[in-house]
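The values are calculated or read from the model by the stated rules, or taken from the named source; none is laboratory data. Please read all numbers here as calculations on a predicted model, not as lab measurements. Glycine also receives a Cβ, built like all others from the backbone with ideal geometry; neighbour counts cover every protein chain displayed. Areas reflect the complete protein model, heavy atoms only, side chains present, ligands, DNA and RNA absent. Shrake-Rupley method; radii C 1.70, N 1.55, O 1.52, S 1.80 Å.
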Amino acid sequence: MPKFYLTTAIDYSNGDPHLGHALEKVGADCIARYRRLRGDQVHFLMGMDEHAQAVVQAAEQNGYSPQAWVDLMAARFLEFWGRLEVSNDDWIRTTEPRHREAVTELLRRIGRHNPDDLYIGDYEGLYCVGCEEFKQPAQIANGRCIEHPTLELVPTRERNHFFRLSRYRDTLLQRITSGELRVEPAIRRNEIVRLLEDGLQDISVSRHRQSWGIPFPDDPDQTVYVWFDALINYLSATGFPAPGYERLWPADLHVVGKGITRFHCVIWPAMLLAAGEALPGQVWAHGYVQWEGTKMSKTAGTAVTLGDAIERHGPDALRYFLLREVGFEADGNFSWDRFDERYTADLADGLGNLVSRSLAMIAKYRKGVVPPATDDTALDQAGRKAIQEYAGAMDAHDLRGGAEAAWDLVATANLYIQQVAPWKQAKEGREAELDVSLAALARALYRLAVLAGPFIPGKAASIWESLGASGRPADPVWDGLGAPPVAGLATRRPETLFPKPASV
Ligand SMILES: [Zn+2]
């Protein structure tokens, strides 16, 4: 089984997660669940970035010590990811000893492999606490950071350790344009290539006398710059530097937001090159969730909280909506109206209705037992086509395309019921034909439980159970999709999968 190590960005512990965080975690989870279906040995990492200055500020404002605050935030985030059925295998916090040791060791390795790459210099510039970085003129509009127009930039001057990032421009260009380090989607790769072509400046990688953070090796007056610290989490979670960490490293996929590609496609690989470590295989940069046309951030997050969005139609419906409607590539809009429409059309009237009608007919005409007919029907052909399209899309992280392929099959199956009219076959005593229709519907439900699983894991498991299938739809059952083993399954009537709320 090939290993597949994927990660999401680790989040600042300065407030509750919002829909933007949820899109990233749910999208990565969808990919992780799909890879498990295909039989990969998946290792899925998420975590918290706890050494930011914004964390110290949030802790002070709320009357906590930094450590008590990050403990509280980590628990809050985990609670939300649990509610959203996110299936991460590991959870790293940058205040953990395993991470502090890895950061110290990576810096020492850079010093050993490329002693000239770390040097001491003076830095003067405008610092954005939101981004935790010095901003270049191109990143500033109206005297504010483009990403954080509500925050004041802080003029900062100090003596720091620098990393000779400029040295890695040519190597990074070569790795990225050759596809050795894949940066997707293409629009993000082109941005990074342009940035590299413009040339790189060295970066400051420490801060003077900050009490909250990891001490710079052999220079306790300096603290490791929070981004330099945070990026290393992907490596520290593999057990680095203890022997055996190469079982996981390099990462196969880093899932991040489009606003932090420079850190993941330039600074991070340069750090790894400097330390003599292997580079990740791919960085996937998703777009933002927009609310009435603007980025979903902490301020917009008060208009629609993640808790409210989960409550609306349940966690599976939110997962589905984020990946199908908002999308995992470009920016997409969240609106209650669209959410309600999708819920009703695709989930309640679409999949929910299909499952309930099919199982009701198997119960009524065959005492709940799936007939052993194996005739290849038009619905089976549509099923095989859906599987192929689904796999093509999911392999390319086109999650919307994957959902479309699965839900096209839902529509085809609902149409199939209208066309073959099993109630007519029953009434007219065409028993063999009725067997063929009911078995074909059971196979469609089996396929759909598997294909829909990465999007709506909870509901997919309910369909699977109602079908009487063994194991779970999340097991690596992909190879069985060609000829689903449904003959003789004892089905049971499911509870309503997607109830229609009175307000919709
Ligand atoms: Zn900023």
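Look at region 322-336: where a residue is of a type in the set (V, I, T) and a partner is open to solvent by less than 40 Å² (accessible area, probe 1.4 Å), sitting 6+ places away or on another chain with Cβ atoms under 7 Å, you get V326/L23; V326/V289; V326/G332; V326/F334. Within region 160-171, none of the residues are within 11 Å of the ligand (Cβ to nearest atom), under 15 Å from Q201 (Cβ atoms) and open to solvent by less than 70 Å² (accessible area, probe 1.4 Å). Within region 104-133, if we keep just the residues that are farther than 18 Å from T223 by Cβ and open to solvent by 20 Å² or more (accessible area, probe 1.4 Å), the residue that is nearest to the ligand (Cβ to nearest atom) turns out to be L126. Within the bounds of region 135-151, is there any residue that is in contact with a Ser or Thr (Cβ under 9 Å, 6 or more places away or on another chain) and away from the ligand (no atom under 16 Å from the Cβ)? No, that holds for no residue. Considering only residues of region 52-75 that are touching a Phe, Trp or Tyr at 6+ places or on another chain (Cβ under 7 Å) and not in a helix (DSSP H, G or I), which is farthest from W212 (Cα to Cα)? Top of the filtered list is N62. Looking at G392, G401, just one residue is open to solvent by less than 20 Å² (accessible area, probe 1.4 Å) and assigned to a helix (DSSP H, G or I), and that residue is G401. Looking for something at pLDDT 95 or above, farther than 21 Å from W227 by Cβ and either touching a strand residue (DSSP E or B) at 6+ places or on another chain (Cβ under 8 Å) or open to solvent by 30 Å² or more (accessible area, probe 1.4 Å) (or both) - is there at least one such residue anywhere in region 138-158? Taking every residue of region 138-158 in turn, none turns out to be at pLDDT 95 or above, farther than 21 Å from W227 by Cβ and either touching a strand residue (DSSP E or B) at 6+ places or on another chain (Cβ under 8 Å) or open to solvent by 30 Å² or more (accessible area, probe 1.4 Å) (or both).
Here I187 fulfils each of the conditions (1) within 16 Å of the ligand (Cβ to nearest atom); (2) surrounded by fewer than 17 Cβ atoms within 10 Å (Cβ to Cβ); (3) among the hydrophobic types (A, V, I, L, M, F, W, C) apart from (1). Being under 26 Å from P115 (Cα atoms) and either in contact with an Asp or Glu (Cβ under 7 Å, 6 or more places away or on another chain) or in contact (Cβ under 8 Å) with a residue 60 or more places away in the chain (or both) is the filter here, so list the residues in region 144-166 that pass it. Answer for region 144-166, where residues must be under 26 Å from P115 (Cα atoms) and either in contact with an Asp or Glu (Cβ under 7 Å, 6 or more places away or on another chain) or in contact (Cβ under 8 Å) with a residue 60 or more places away in the chain (or both): R157, R159, N160, H161, F162, F163, R164, L165, S166.
A count restricted to region 194-253 and to residues that are under 12 Å from H161 (Cα atoms) and among the acidic types (D, E) stands at 4.
If we only count strands (runs of 3 or more DSSP E) wholly inside region 105-192, which ones have 3 or more residues that are of a type outside the set (F, W, Y)? Steps first, answer last, please.
Working: elements: 118-128, 133-135, 154-163, 182-184.
Counting at least 3 such residues, we get 118-128, 154-163, 182-184.
Only strands (runs of 3 or more DSSP E) whose full extent lies in region 223-302 are considered here, and the ones with at least 1 residues that are buried (at least 20 other Cβ atoms within 10 Å of the Cβ) and modelled with pLDDT of 95 or more are 253-257, 282-286.
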